[in-house]
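The values are calculated or read from the model by the stated rules, or taken from the named source; none is laboratory data. Only a predicted model underlies this, so the values are computations on that prediction, with no experimental measurement involved. So basically every Cβ, Gly included, is an ideal-geometry build from the backbone, and we count neighbours across all protein chains shown.
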Amino acid sequence: MAMIINTVEGLTKIAQGVRADGKTIGLVPTMGALHEGHLSLIRRARAENDVVFVSIFVNPVQFNNKEDLVKYPRTLENDVALIGDYADFIFAPTVEEVFPTPPEEEYDFGPVANVMEGAARPGHFNGVGVIVGRLFRWVNPHKSYFGEKDYQQIAVIRELVRIGNYGTEIIPCPIVREPNGLAMSSRNRRLTPEEFETAAQIHQILLKSTEIEGDVPEVKAFVEEAIAQVPAFTLDYFEMADDTTLQTVHSFSEAKGVMGFITVYIGAVRLIDNIRYR
Ligand code: PAF
């Protein structure tokens, strides 16, 4: 079983010791409520590093919606059991341990952080940068693992690494889906069984949209109309964007790689997903 660490001092001492022994460190930052998507990151970290750290911390400063923070599932005991031997250390601190005083870091991640999730959730990416930057400084991992469901977050974290000059390699890992196609997310636990089935249509609609003949406006119109047909859905946004700069494209010819990014409310639960077109 992995050893649980609750203090920043304990975490940094252990991580420094691992480095001093010449071993490689893989870090998987999480907010807990682990599912198969997280476990795929942790297993990959296990395969690619000598020592694996998983952090479990529901980071209050990245929530711009208080209700979302309060309702975020907290399942530490179950998480520890799921991690089993895949990690060597689990960092599970209190909020006071991570933020003895309110954090003051102010990041400017540039254009990648100003669109989509950055525009819809003011302060969110700064909050992510605050916690992930601290974890990078405390653990100093060789490799860090992030899921592509939060594709834009990965672009922001790459900027964080550049700004902070951190020596960690960012390893993006593919989305893991439920058998019905819904992208795995800790928030899925808040869906009723009916909502869970309905939510599967998000991925089905995106998949169908890859077969639309036409350019970006036709694909966008198809997705927006198909989502509007499902009474339980409220579309927050669907954007088609350059896969590197995350800036909106109006034609496939504008970027080498084009992806679609969607955010849909089902009841009070906000779900995100994405798909590659080119
Ligand atoms: O993706 C998440 O779960 C969180 O944003 C992260 C990276 C663990 C930071 O709190």
What is the one condition in (1) surrounded by fewer than 17 Cβ atoms within 10 Å (Cβ to Cβ); (2) of a type in the set (Lys, Arg); (3) under 19 Å from the mean Cα position of the chain (by Cα); (4) at pLDDT 95 or above that Lys71 does not satisfy? (4)
Any residue at all in the range 121-130 that is among the charged types (D, E, K, R) and farther than 30 Å from Val264 by Cβ? no
Being without any contact (Cβ under 8 Å) to a residue 24 or more places away in the chain, aromatic (Phe, Trp, Tyr) and under 25 Å from Leu39 (Cβ atoms), is that true of even one residue in the range 196-210? yes
Report, by residue number, each residue of the range 46-68 that is in contact with a strand residue (DSSP E or B) (Cβ under 8 Å, 6 or more places away or on another chain), modelled with pLDDT of 95 or more and not small (Gly, Ala, Ser). Arg46, Glu48, Asn49, Asp50, Val51, Val52, Phe53, Val54, Ile56, Phe57
Going through the range 19-35 in order, the residues found to be β-branched (Val, Ile, Thr) and either more than 21 Å from Lys143 (Cβ to Cβ) or buried (at least 21 other Cβ atoms within 10 Å of the Cβ) (or both) are Ile25, Val28, Thr30
Residue, farthest from Ile4 (Cα to Cα), within the range 92-118, restricted to residues that are touching a residue at least 40 places away in the same chain (Cβ under 8 Å) and outside any loop (DSSP other than H, G, I, E, B): Pro111
I want to confirm something. Restricting to the range 53-71 and keeping residues that are aliphatic (A, V, I, L, M) and free of Cβ contacts under 8 Å to residues at least 24 places away in the same chain, which single residue is farthest from the ligand (Cβ to nearest atom)? Val70
Thr234: in a strand (DSSP E or B), within 16 Å of the ligand (Cβ to nearest atom) and either in contact (Cβ under 8 Å) with a residue 40 or more places away in the chain or surrounded by fewer than 19 Cβ atoms within 10 Å (Cβ to Cβ) (or both), yes or no? no
Taking the residues in the range 210-219 that are closer than 13 Å to Glu239 by Cα and touching a strand residue (DSSP E or B) at 6+ places or on another chain (Cβ under 7 Å) as candidates, determine which candidate is surrounded by the fewest Cβ atoms within 10 Å (Cβ to Cβ). Val216
Conditions (1) closer than 19 Å to Asn140 by Cβ; (2) touching a helix residue (DSSP H, G or I) at 6+ places or on another chain (Cβ under 8 Å); (3) within 16 Å of the ligand (Cβ to nearest atom) -> Ala45 fails only (2)
Inside the range 141-165, the number of residues satisfying the requirement of being touching a residue at least 40 places away in the same chain (Cβ under 8 Å), within 14 Å of the ligand (Cβ to nearest atom), among the hydrophobic types (A, V, I, L, M, F, W, C) and assigned to a helix (DSSP H, G or I) is 3
